[in-house]
C-alpha cells in the first residue's frame with residue numbers, strides 16, 4: 001500500500017500491510033531534508049513503532065516486497081499479532097468525543113439553518 005488513507009483503512013480492517021513509496025529522487029531529497037520523521041505511514045508515525053514494514057526508493061523492488069509479504073503469508077502467528085496491534089493502534093488514533101464527519105455535518109446544518 002502507498003497512500004496514507006489506504007494504509008489507515010487497512011489498519012482499521014486489521015490487515016497486515018507492507019508500505020512502499022517511490023518518489024522522484026529530487027522530491028525524495030527535499031522531503032527527507034524538510035521532514036525529520038522516522039516513519040512515513042500515518043499508522044507507524046502515530047504508533048511510534050513500525051507496525052507496517054516500510055520500503056522507500058531503491059528498496060521498493062520485487063525482492064524486498066515479496067520477502068516482507070511472505071512473512072505474513074507463511075506465519076499465521078505473526079499475521080494475527082500484527083493484526084491485533086493495528087486494530088489497537090487505530091483505536092488509539094480515534095478522536096475523543098465526536099468524529100470529524102459528525103462535527104462537519106453539524107456545522108453545515110447550523111450554517112444552512114441560519
Mind pulling the angle between the C-alpha long axis of helix 25-34 and the longest principal axis of the chain? Nearest 10 degrees, somewhere in 0 to 90. 60 degrees
Using alpha-carbon coordinates, inclination of helix 76-93 to the longest axis of the chain, degrees: 30 degrees
Extension gain from residue 81 to residue 30, taking 0.36 nm per residue of separation minus the Cα-Cα distance: 14.8 nm
Taking all pairs of distinct Cα atoms, average 1/r, flip it, and tell me the Kirkwood hydrodynamic radius of region 15-64 in Å to one decimal place. 11.7 Å
Rounded to a whole number of µm²/s, how large is the Stokes-Einstein D of the chain at 10 °C and 1.306 mPa s, given Rh as the Kirkwood radius over C-alpha pairs? 99 µm²/s
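Throughout, read-outs are computed from the coordinates displayed, never taken from laboratory work. Predicted model, so just to flag it, every value in this text is computed and none were measured.
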